[in-house]
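Chemist: Shown below is the structure under consideration.
The values are calculated or read from the model by the stated rules, or taken from the named source; none is laboratory data. Quick caveat: nothing in here was measured; it's all calculated off a predicted structure. So basically every Cβ, Gly included, is an ideal-geometry build from the backbone, and we count neighbours across all protein chains shown.
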Amino acid sequence: MTHVVSEACIRCKYTDCVDVCPVDCFREGPNFLTIDPDECIDCAVCIPECPVSAIYAEEDLPKDQQHMTAINAELAKLPNWKSITKRKDPLPDHEEWKDRTGKLSELIR
Amino acid sequence: MTASAAPSPLPIETPALVVGAGPVGLFQVFQLGLLDIPSHVVDALPHVGGQPVELYPDKPIYDVPGIPMCTGRELAEALLKQASPFKPGIHLSRTVESVERQADGRLLVGVSGGMRFLARTLFIAGGVGAFLPRTINLEGLPAFEGTQLFYRLEDAGDLAGRRVVVVGGGEEAIDMLDRICRATERNPGSAPAHLALVHRRDAFNASDEALERLRLLRAGGAVHFTAGMPTGIDTTDGLISSLQLLTPEGTPGTEPLDVLIIAQGLSPRLGPITQWGLAMERKQLVVDTEHFQTSEPGIFAVGDINTYPGKKKLLVCGFHECALAAYAAAPIVHPGRPVQLQYTTTSTRLHQLLGVPHPGRG
């Protein structure tokens, strides 16, 4: 089991979640955060922090987001995705993107 | 188990030490008390209640048996009250640093601030870890903790005539400035020579009410604001003389100081628990579901920090674990004494322990 960041994070990247992670398992890409499944301890503390409710326990992922488990794992291993442990500003056009769905094609690796 | 250098004061002897004063740790104290096992409890936070109080004190909780709704803060208060007949020693703002088995089987537990416990049993109710202050990573800075670098106002001592820099961009930093200014109002002699707030830019993540307080403090001249990201420290004669900054314009800046207070809030850290040599799985303590004992006899793990097949991180599961762990500890604490299952409705002995009147036969 792990926790998974769903598509809702794409192009917003609020980063509130990284502040509370006790094991520093978030990795940062250009317009998305991912969870390293080998580090996550399923504490669930990050879930209520996300302003767009992007984070789910793997088993609770909505049907249309289940592909994100594999994508999280894959992105976490990319060498250019670095550990992020301190909150920073969201992406400049987060307001415009936060309520959109089907953002997967926007994801930059 | 890590070895600890022995500080001087005599350790506090206790049948049980509970690490973590969250809901589960507090209920562990209660369950131990019912089995006539007095305990001490330590927590990194300055208050009891753990994660629910630190992260979401006013959010309603709906899944505690028999309590249709309560907040995290109310739950913590109720659990503390429930445990109070057993008069636990409660030690706050302290973290456990080492655990070492003694020749007689007891555990010598080293706690921050030079405190030590000699415990027959240890209950780790550490949740997601100790809530510790977020720091800034600057080369050479940690060496000044306690002399020029502080995370709590109480530790910073006398600020009179000193140049004080508070670093932070949220509610915590504003509260810190507020407290310093209120202390100055009460006692003008305690005023810092200069009070500065440093944050990477002139925008703060705080409630409207806190932002208004900050605006007033700045408008009144009590607080000076400098925009910049800390990048290093300058030292003179072995003391920090200023903070090096990178301004939002990308140019270097400095902020002179005598005292640096970092007020960026707290974040949970699993920390030293992972280094005690206990069996772990995905950074959680492996326990058996009969005793909730770790791989070390006499060391139990309850609540969110443990793992076992089917584990669910729910309050109700943590509470159940406390009961079974207390029963498992009883033969270690009271060898040879039979462990009887008793009910708080009927048991004279439990009424005695709880300090409540024993109802006569009607």
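Chemist: State whether one or more residues within segment B:130-148 are part of a helix (DSSP H, G or I), out of contact with any helix residue (DSSP H, G or I) (no Cβ under 9 Å at 6 or more places or on another chain) and in contact (Cβ under 8 Å) with a residue 12 or more places away in the chain.
Modeler: Yes, that holds for at least one residue.
Chemist: Within segment A:16-58, can you find the residues that are among the polar types (S, T, N, Q) and crowded, with 22+ Cβ neighbours inside 10 Å?
Modeler: If the condition is that a residue be among the polar types (S, T, N, Q) and crowded, with 22+ Cβ neighbours inside 10 Å, then A:THR34 is the only one that fits.
Chemist: Still on this structure, please answer the following. Tell me, please, whether a residue that is more than 20 Å from B:PHE131 (Cα to Cα) and among the β-branched types (Val, Ile, Thr) can be found in segment A:39-51.
Modeler: So far as segment A:39-51 goes, no, none of its residues is more than 20 Å from B:PHE131 (Cα to Cα) and among the β-branched types (Val, Ile, Thr).
Chemist: Restricting attention to strands (runs of 3 or more DSSP E) lying wholly within segment B:14-113, give those where 3 or more residues are more than 14 Å from chain A (Cβ to nearest Cβ) and either aromatic (Phe, Trp, Tyr) or more than 20 Å from B:ASN306 (Cβ to Cβ) (or both).
Modeler: Fully inside segment B:14-113 and qualifying: B:89-91, B:96-101, B:107-111.
So that you can scan it fast, the table gives a plain yes or no per residue for (1) of a type outside the set (Gly, Ala, Ser); (2) loosely packed, with under 11 Cβ neighbours inside 10 Å; (3) closer than 30 Å to B:GLN275 by Cβ:
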| position | (1), (2), (3) |
| --- | --- |
| B:LYS312 | yes, yes, yes |
| B:GLY318 | no, no, yes |
| B:ALA323 | no, no, yes |
| B:PRO331 | yes, no, yes |
| B:GLN340 | yes, yes, no |
| B:THR344 | yes, no, no |
| B:SER347 | no, no, no |
| B:GLN352 | yes, no, no |
| B:VAL356 | yes, no, no |
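Chemist: Further question: All but one of (1) within 16 Å of the chain's Cα centre (by Cα); (2) more than 28 Å from B:THR274 (Cα to Cα); (3) aromatic (Phe, Trp, Tyr) hold for B:TYR56; which doesn't?
Modeler: (2)
Chemist: Kindly list the number of the only condition in (1) surrounded by fewer than 16 Cβ atoms within 10 Å (Cβ to Cβ); (2) of a type outside the set (S, T, N, Q); (3) within 17 Å of B:VAL96 (Cβ to Cβ); (4) touching a helix residue (DSSP H, G or I) at 6+ places or on another chain (Cβ under 9 Å) that fails for B:ILE305.
Modeler: Unmet condition: (1).
Chemist: Any idea which of B:PRO248, B:PRO297, B:PRO272 is closer than 30 Å to B:GLY50 by Cβ and within 14 Å of another protein chain (Cβ to nearest Cβ)?
Modeler: B:PRO272
Chemist: Next question. At least 2 residues that are in contact (Cβ under 8 Å) with a residue 60 or more places away in the chain, away from chain B (no Cβ under 14 Å) and on the phi > 0 side of the Ramachandran plot in each: list the strands (runs of 3 or more DSSP E) lying fully within segment A:1-95 that qualify.
Modeler: Once the strands (runs of 3 or more DSSP E) in segment A:1-95 are filtered for at least 2 residues that are in contact (Cβ under 8 Å) with a residue 60 or more places away in the chain, away from chain B (no Cβ under 14 Å) and on the phi > 0 side of the Ramachandran plot, nothing remains.
Chemist: Test B:LEU138 against the stated conditions and say whether it is surrounded by fewer than 19 Cβ atoms within 10 Å (Cβ to Cβ), of a type in the set (A, V, I, L, M, F, W, C) and within 14 Å of chain A (Cβ to nearest Cβ).
Modeler: Answer is yes for this residue.
Chemist: Within segment B:259-280, is even one residue surrounded by fewer than 19 Cβ atoms within 10 Å (Cβ to Cβ), closer than 30 Å to B:VAL166 by Cβ and either over 24 Å from the mean Cα position of the chain (by Cα) or of a type in the set (Ser, Thr, Tyr) (or both)?
Modeler: no
Chemist: State whether the residues of segment B:218-235 include one that is in a strand (DSSP E or B), free of Cβ contacts under 8 Å to residues at least 40 places away in the same chain and aliphatic (A, V, I, L, M).
Modeler: yes
Chemist: So for segment B:282-296 (the condition being acidic (Asp, Glu) and either closer than 19 Å to B:LEU26 by Cβ or not assigned by TED's automatic domain parsing to the domain that holds B:ASP104 (or both)), does at least one residue qualify?
Modeler: Scanning segment B:282-296, I find no residue that is acidic (Asp, Glu) and either closer than 19 Å to B:LEU26 by Cβ or not assigned by TED's automatic domain parsing to the domain that holds B:ASP104 (or both), so the answer is no.
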